[in-house]
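A.B. asks: Got a structure for you, questions after.
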Amino acid sequence: MKLKVLIITLLFYLSLFFVSPARAEVIPLKVVILTTYTVEDIARVPLKYSLEIKRWYDKNFSNAEYYRVKGTDSYIYIKDGLAFITIAKGKKGAMGSLSALLKDPRFDFGEAYFVVTGSASVPPQAASTGSVCIAEWVLDHEYKTAAVKKGKKKIMVAKSGSLFRLNEDLIKWSLLLNKDTKLTDNAKAAKHRDRYPSKTAQSDPFIFTATSVTVSPKKTGGETSAQAERLCREHKAGRYGILQEEDNAIAYVLKQSHHLERLLIIRSGTDFDQMPHGMEKTASSGAFAIGVVNNYRTTAPLVKEILGNWHEWRRGVPKI
């Protein structure tokens, strides 16, 4: 009997020191910053972060914990509830990477906000390179509809994943917090912008709201730009402002996992979506470096607000 009691006591104390994987502590996250790059680029850059996110890394994560996401080549960096991850490029890549991240049992995304930040192409009639767009809508360039019966009639509705309206209050917060934000510029980007006749295209970088249009694989040109404008107009989805490869996939995955209301997309225009009239080839826009800086300057205020007032934000986006 004494031996049995001794064994039970010993097992109890051993259980205090060894925790099974099933009972391992889950890491709660508050803000997850998402940027995209090809898997090859992720693997080549030291510590597995992309150049688009380097400013975040240098200022916030140089001594952070990092974990490889199961089933992907991506690493997630975490410090004090703030996280960032570089996911794969394109609709298919982004969907796979983000789905794997959300399924990883080591992390709790139940109250997390998701902020997409990265580069994009801009139409010269809507913005200048270096400018930053806070997306109001996300629309797929391959917009698809389906007939749905409503009473005795059939109506055409967007197929799942084709069109998303992002949280208006979250956008308002970002605009409010950026009312005094100053964006940077450089001489090379300004010189390139002067090749375009539009006064908007030639202007200094600014912050604006518009629709993010997804083309995957990405292609640019006047025809693509005109199609993006037409789709936004036909489906009453705001005005076309940026062209990229992943946002529809990201929005779709987050909607399926009930996180869409906590998604914000902020992208800088690092090139135009078409060549200047009469030119087949043109030099580099010179705007990538300023785009990286301007993305950070535009994204950081909201991230700071959420983390600093987490007791309010964890319940949902506060009304303005």
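A.B. asks: Can you tell me which of (1) farther than 15 Å from Thr129 by Cα; (2) assigned to a helix (DSSP H, G or I) is the one Gly291 doesn't meet?
C.D. replies: Result: Gly291 fails condition (1) only.
A.B. asks: For the range 287-320, give me each residue that is in contact with a strand residue (DSSP E or B) (Cβ under 6 Å, 6 or more places away or on another chain) and within 18 Å of Lys172 (Cβ to Cβ).
C.D. replies: If the condition is that a residue be in contact with a strand residue (DSSP E or B) (Cβ under 6 Å, 6 or more places away or on another chain) and within 18 Å of Lys172 (Cβ to Cβ), then Thr298, Thr299, Val303, Ile306 are the ones that fit.
A.B. asks: Name the residue, out of Phe114, Phe107, that is in contact with a Phe, Trp or Tyr (Cβ under 9 Å, 6 or more places away or on another chain) and aromatic (Phe, Trp, Tyr).
C.D. replies: Going through Phe114, Phe107 in turn, just one is in contact with a Phe, Trp or Tyr (Cβ under 9 Å, 6 or more places away or on another chain) and aromatic (Phe, Trp, Tyr): Phe107.
A.B. asks: Return the pair list, or none, for Cβ contacts closer than 8 Å from residues in the range 61-90 that are more than 18 Å from Lys30 (Cβ to Cβ) and open to solvent by 40 Å² or more (accessible area, probe 1.4 Å) to residues that are part of a loop (DSSP other than H, G, I, E, B) and of a type outside the set (Phe, Trp, Tyr), at least 6 apart or on different chains.
C.D. replies: Close Cβ pairs satisfying both conditions: Arg68/Ser74; Lys70/Asp104; Tyr75/Val69; Lys89/Thr38; Lys89/Glu245; Lys89/Glu246.
A.B. asks: From the set of residues in the range 103-126 that are of a type outside the set (Val, Ile, Thr) and part of a strand (DSSP E or B), which is most open to solvent (accessible area, probe 1.4 Å)?
C.D. replies: Filtering first and then ranking leaves Asp108.
A.B. asks: Within the range 82-102, is even one residue touching a Gly at 6+ places or on another chain (Cβ under 7 Å), within 28 Å of Ala210 (Cβ to Cβ) and in a loop (DSSP other than H, G, I, E, B)?
C.D. replies: No, because not a single residue in the range 82-102 is touching a Gly at 6+ places or on another chain (Cβ under 7 Å), within 28 Å of Ala210 (Cβ to Cβ) and in a loop (DSSP other than H, G, I, E, B).
A.B. asks: In this structure, does Gly130 turn out to be more than 28 Å from Lys30 (Cα to Cα) and part of a loop (DSSP other than H, G, I, E, B)?
C.D. replies: Here the answer is yes, as Gly130 does meet what is asked.
A.B. asks: Suppose we keep only residues that are modelled with pLDDT of 95 or more and of a type in the set (Asp, Glu) within the range 274-320. Which one would you say is least open to solvent (accessible area, probe 1.4 Å)?
C.D. replies: Going through the qualifying residues, I end up with Glu305.
A.B. asks: Are any of the residues in the range 252-259 of a type in the set (Phe, Trp, Tyr), farther than 27 Å from Asp80 by Cα, modelled with pLDDT under 95 and part of a helix (DSSP H, G or I)?
C.D. replies: No - not one qualifying residue is present in the range 252-259.
A.B. asks: Give me a count of the residues in the range 159-174 that are surrounded by fewer than 17 Cβ atoms within 10 Å (Cβ to Cβ) and modelled with pLDDT of 95 or more.
C.D. replies: 4
A.B. asks: Give all pairs with beta carbons closer than 8 Å in which a residue from the range 172-196 that is over 13 Å from Ile320 (Cβ atoms) and part of a loop (DSSP other than H, G, I, E, B) meets a residue that is aromatic (Phe, Trp, Tyr) and open to solvent by less than 100 Å² (accessible area, probe 1.4 Å); count only pairs at least 6 apart in sequence or on separate chains.
C.D. replies: Partner pairs satisfying both residue conditions: Leu183/Phe206; Tyr196/Phe272.
Residues are listed down the side, and each one gets a yes or a no for (1) modelled with pLDDT under 95; (2) of a type in the set (A, V, I, L, M, F, W, C); (3) part of a loop (DSSP other than H, G, I, E, B); (4) over 12 Å from His141 (Cα atoms):
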site: Asp204; (1), (2), (3), (4): no, no, yes, yes
site: Phe208; (1), (2), (3), (4): no, yes, no, yes
site: Thr211; (1), (2), (3), (4): no, no, no, no
site: Lys219; (1), (2), (3), (4): yes, no, yes, no
site: Glu223; (1), (2), (3), (4): yes, no, no, no
site: Ala226; (1), (2), (3), (4): yes, yes, no, no
site: Arg230; (1), (2), (3), (4): yes, no, no, no
site: Asn248; (1), (2), (3), (4): no, no, no, no
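A.B. asks: Tell me, please, whether a residue that is free of Cβ contacts under 8 Å to residues at least 24 places away in the same chain and either open to solvent by less than 20 Å² (accessible area, probe 1.4 Å) or touching a helix residue (DSSP H, G or I) at 6+ places or on another chain (Cβ under 9 Å) (or both) can be found in the range 245-259.
C.D. replies: Yes, the range 245-259 contains at least one residue that is free of Cβ contacts under 8 Å to residues at least 24 places away in the same chain and either open to solvent by less than 20 Å² (accessible area, probe 1.4 Å) or touching a helix residue (DSSP H, G or I) at 6+ places or on another chain (Cβ under 9 Å) (or both).
The values are calculated or read from the model by the stated rules, or taken from the named source; none is laboratory data. The structure presented is a predicted model; accordingly, all values stated were derived computationally and were not measured. Cβ atoms come from the backbone with ideal geometry, glycine included; neighbour counts cover every protein chain shown. Please note that ligands, DNA and RNA were not included when accessible areas were found on the heavy atoms of the full protein model with its side chains. Shrake-Rupley method; radii C 1.70, N 1.55, O 1.52, S 1.80 Å.
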